[in-house]
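For reference, the structure is listed below as structure tokens.
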Amino acid sequence: MRLINTVLFAACLAVMFTIPLWADQGILFIAGLVLVEMVFALSWNLLFGFTGLASFGHAAFFAIGAYLCGYALRADIGAPFLLLILAAGVAGALAAVLTGIVLLRRTTGIHLAIFTLALAEILRILVGYSTALGREDGLASIPRPSLELGFASFDLASGEAYYWFLCIAASVIVGFLWLICHGPFGRILVSIRQDPERTTFMGINVPAYRLAAFTISGATSGMAGALYAPWAQIVTPESAHWIHSTQPMLASLLGGAQSFWGPVVGTVLFSIINYSTRNLVGLAELVIGVVLLVIVLAAPSGVVGLVHELRRRLTARVSHAGPGAEGKAGSKGKFVQEAA
Amino acid sequence: MTTLLNVDNVYKSYGSLPVLKGISLTVEEKETFAIIGPNGAGKTTLFRVMTGEVLSERGRITYADHDVTGMSAHDRVQLGMGRTFQVARVFPEFSVEENIIVAIEARLRSRSESSLPWYRTRPRSSVREEAGALLQDLDLWSKKATEAKFLSHGDKKRLELGIALAGKPQILMLDEPTAGMSPSDRIATTELIIRLRAANAMTVVMTEHDMDVIFGLANRILVMNQGEMIAIGTIDEVRANPIVREVYLGKEMYGADG
Ligand SMILES: Nc1ncnc2c1ncn2[C@@H]1O[C@H](COP(=O)(O)OP(=O)(O)OP(=O)(O)O)[C@@H](O)[C@H]1O
Ligand SMILES: [Mg+2]
């Protein structure tokens, strides 16, 4: 099983990195967007799938990062690109701390969802009024930067070059989130999602942990936005639109919110559906709607959960034949890494 | 003997319903203190007030020389309080072992006993060993890989006891530790608590409906009825109390012999 996972993972990485070698510009552009949205979806799911908090306005953090990066690149302030990405992360984190301090003290359930949604819409409308940020038209013709690493410098102007940079940057952020989710901190978050009271009585300051998760999520969402701006080369208030906020939710539900890789799988599947129905107006929405309906009804744990279930049944059948058949469902902890 | 927990004239109501009407008690170090009373007497509410799940409206609670009256629950845990719930609460999606591991790690984190780097995804071996020893103690070792939601009622109760013990509490508060158990499970649990209490030099505060369990465990008893204190004292003192006899008329109080 571990071998299958490793092979599968390596294959995905190989496909991701070789896309510029075999795909056309259109697909390459979509692949870049998938990388950005993937980071965004994982950021959102750190809150939802791991901590049990539903933010319905997460596009706000994404937009903050995107506008910050787009504005700085257009103004040509000379800051290194990596620093801009970090700055976008800090800005996202700050916005998350401020909203988190106000919102998480009072509310965590449906009210949190509504409040975040409202705040994001307010931000979108304010940005639409701002002349410096290009009003409704946004910031267009954002130049792609070059990457100064001290010992070497890479021009990211071409689509291929920036795409490869996206691959690496996304991998770093995803790797960071993976460690967060699977380490002792992540285990506490999953405990909080399952039972905040029980977690409190293990001596954990639950509001502080929720705020920390919110902050990390805001930071990585902001960084996703910063990666997006030079890729699309345009940032509009639409990036803060509630429709954009629903993307990580739909991706997580489709892929499986309880699994770390669920949002990634969901994001990829959504783009495939969108791409293969691109010539038929309205069909993409219909297909996505039907797919979601089926998933929610038939596989509440998403595609990843479905695959796990199928695998479990297969192995159960195999071991049933031999002696010492495996016992109950899910007889192996999923949240703690097994010793090698 | 030194006093560990002191509850002084505590009041609590839910809306307009007064549930605790001036409760006072002291728990000495290493004793086992039981709170009994009919359904709705306010035992669980008193538990919630003592552990900080809810705050009292009047009165004072001190714990190990700290005034904890307005202190948050997690801070009280860090001072050494541990508890279980009347209806066992475990983490249903975690395996039995993960339930204990996460509780040990929470203790290490919250009491800063040792640093747990966020990037180390595998629990350190000392945590695993501690969890293993505890699971063996609780007779749950053979089920360590089972997801907690699949456990039987009794196993869930014991696992929750394990989660509380993983916090290495100085005082352990058990809200009806044998509720819903078969008579044989009750005896086993009583023996388990006696063993764990001695091994960890713990003070225990408990509520319980089963008098055999009470007589088997408690040094002193508080009897409550409708939010009021009816009697407090040793088992014999309480048993001789005429008001208690009235409240418990015909109940197990007479049947069992301590
Ligand atoms: N959250 C709440 N809101 C309103 N009323 C409550 C709440 N919790 C308990 N009560 C009421 O307070 C009273 C005392 O309840 P409590 O749970 O403390 O009793 P108890 O002694 O633990 O009873 P039991 O033996 O059934 O566990 C009851 O009348 C109950 O209905
Ligand atoms: Mg009760």
Review point. For the range A:24-241, what % of the accessible area comes from carbon and sulfur atoms, probe 1.4 Å?
Key: 69 percent
**Study point:** Size of electric dipole in chain B: Cβ of Lys, Arg +1 and of Asp, Glu -1, about Cα centre, debye, nearest 20
**Key:** 620 debye
Review point. How far, in degrees from 0 to 90, does helix B:96-110 lean away from the longest principal axis of the Cα atoms of chain B, to the nearest 10?
Key: 80 degrees
Check your understanding: Applying 1/(1 + (r/R0)^6) with R0 = 41 Å to the Cβ-Cβ distance of A:VAL102 and B:ALA64, what FRET efficiency is obtained, to the nearest 0.05?
Key -> 0.70
Revision key, fill the gap. The ³J(HN,Hα) series, computed from each phi in the range B:143-157 with the Karplus coefficients 6.51, -1.76 and 1.60 at θ = phi - 60°, rounded to the nearest Hz and given as x for glycine or proline, is 10, 4, 8, 6, 5, 4, 5, 8, 6, 6, 4, x, 5, 4, 4
Exercise for review: Using every Cα-Cα pair within the range B:92-150, state what percent have a distance larger than 13 Å.
Suggested key: 61 percent
Exercise for review: Name the residues of the range B:48-77, by number, that are at least 40 Å² less accessible with every protein chain in place than in the isolated chain; the surface is that of heavy atoms, probe 1.4 Å, without ligands or nucleic acids.
Suggested key: B:HIS74, B:VAL77
Revision key, fill the gap. Once phi for every residue in the range B:119-129 is put through the Karplus expression 6.51 cos²θ - 1.76 cosθ + 1.60 (θ = phi - 60°), the whole-Hz ³J(HN,Hα) values, with Gly and Pro written as x, are 8, 8, 6, 7, x, 5, 5, 5, 5, 4, 5
Study note, to complete from the structure: With +1 on the Cβ of every Lys and Arg and -1 on the Cβ of every Asp and Glu, the dipole magnitude of chain A about its Cα centre, in debye rounded to the nearest 20, is 1140 debye
Exercise for review: Just the number, please: buried accessible area between A and B, total of both chains, 1.4 angstrom probe, nearest 100 square angstrom.
Suggested key: 3500 Å²
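Pop the C-beta distance of B:SER16 and A:ILE110 into the FRET formula with R0 = 35 Å and round what comes out to the nearest 0.05.
0.80
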Review point. Based on the Cβ-Cβ distance of B:ASN200 and B:ILE243, what FRET efficiency does E = 1/(1 + (r/R0)^6) give at R0 = 41 Å, to the nearest 0.05?
Key: 0.70
Study note, to complete from the structure: Non-local residues with an amide H under 5 Å from the amide H of B:VAL19, with H modelled 1.01 Å from N and Pro and chain starts lacking one, are B:LYS12, B:SER13, B:TYR14
Study note, to complete from the structure: For chain A, longest principal axis from Cα atoms; helix A:81-106 axis from its Cα atoms; angle between them, nearest 10 degrees, is 60 degrees
Practice item. Taking chain A as the reference, fit the longest principal axis to its C-alpha atoms, fit the long axis of helix A:184-194 to the helix C-alpha atoms, and give the angle between the two in degrees, 0 to 90, nearest 10. Key: 70 degrees
**Study point:** Hydrodynamic radius of chain A per Kirkwood, over alpha carbon pairs, in Å
**Key:** 21.1 Å
Exercise for review: Mind giving me the nanometre distance, one decimal, between the label points for A:ILE30 and A:LEU179, set 7 Å out from Cα along Cα→Cβ?
Suggested key: 3.4 nm
Review point. How much area per residue is accessible in the range A:24-241 when the probe is 1.4 Å and only protein heavy atoms are counted (Å²)?
Key: 37 Å²
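Give the percent of DSSP beta bridges with both residues in the protein assembly as shown that are antiparallel, rounded to the nearest 5.
Beta bridges within the protein assembly as shown, antiparallel portion: roughly 65 percent.
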Review point. Which of the trypsin sites (Lys or Arg not before Pro) found in the range B:113-214 are in a DSSP loop and have at most 15 neighbouring Cβ atoms, other than their own, within 10 Å?
Key: B:ARG120
Point to revise | B:PHE94 long-range amide H proximity, modeled H, under 5 Å | key: B:ALA148
Point to revise | Choice from A:ASN279, A:ASN205, A:ASN45 with maximal GNM fluctuation in chain A (Cα, 10 Å cutoff) | key: A:ASN279
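Sort the protein assembly as shown into rounded, prolate or oblate with this rule: let a ≥ b ≥ c be the square roots of the eigenvalues of the Cα gyration tensor; rounded if a/c is under 1.5, and if a/c is not under 1.5, prolate when a/b is larger than b/c, oblate otherwise.
Because a/c hits 1.5 or more and a/b exceeds b/c, the protein assembly as shown counts as prolate.
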Check your understanding: At a 1.4 Å probe, what is the % contribution of carbon and sulfur to the accessible area of the range B:92-150?
Key -> 47 percent
Point to revise | Summed residue charge, Cβ within 10 Å of B:ARG220's Cβ, Lys/Arg positive, Asp/Glu negative | key: -3
Point to revise | Dipole moment magnitude, nearest 20 debye, the range B:127-254 about Cα centre, only Lys, Arg, Asp, Glu C-beta charged | key: 280 debye
Revision key, fill the gap. Once amide hydrogens are built 1.01 Å from N within the peptide plane, the residues lying 5 or more places from B:ALA34 or on another chain with amide H under 5 Å from its amide H are B:MET206, B:ASN219, B:ARG220, B:ILE221, B:LEU222
Review point. Is the shape of the range B:145-191 best called rounded, prolate or oblate, per the rule: a/c under 1.5 gives rounded, else a/b larger than b/c gives prolate, else oblate, with a ≥ b ≥ c the square roots of the Cα gyration tensor eigenvalues?
Key: oblate
Exercise for review: Report ³J(HN,Hα) in whole Hz for each residue of the range B:196-209, in order, from the Karplus equation J = 6.51 cos²θ - 1.76 cosθ + 1.60 where θ = phi - 60°; Gly and Pro get x.
Suggested key: 5, 4, 5, 5, 9, 6, 9, 8, 10, 10, 9, 10, 6, 8
Check your understanding: For the protein assembly as shown, with the dipole built from +1 on Lys and Arg beta-carbon atoms and -1 on Asp and Glu ones, taken about the Cα centre, which of A:ASN274, A:ALA59, B:GLY162 lies farthest toward the positive end?
Key -> A:ASN274
Review point. Does the range A:259-314 come out rounded, prolate or oblate by the C-alpha gyration tensor, with a ≥ b ≥ c the root eigenvalues, rounded set by a/c under 1.5 and, if not, prolate when a/b is larger than b/c and oblate if not?
Key: prolate
Exercise for review: Would you work out which of B:ALA198, A:ALA118, A:GLN258 lies farthest towards the positive end of the dipole of the protein assembly as shown? Charges go on Cβ: Lys and Arg +1, Asp and Glu -1.
Suggested key: A:GLN258
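The values are calculated or read from the model by the stated rules, or taken from the named source; none is laboratory data. The model shown is predicted, which means the values in this text are computed figures rather than measured ones. Don't worry about glycine lacking a Cβ; one is built from the backbone with ideal geometry, like all the others, and counts go over all protein chains shown. These area figures cover heavy atoms from the full protein model, side chains too; ligands, DNA and RNA do not enter into them. Shrake-Rupley method; radii C 1.70, N 1.55, O 1.52, S 1.80 Å.
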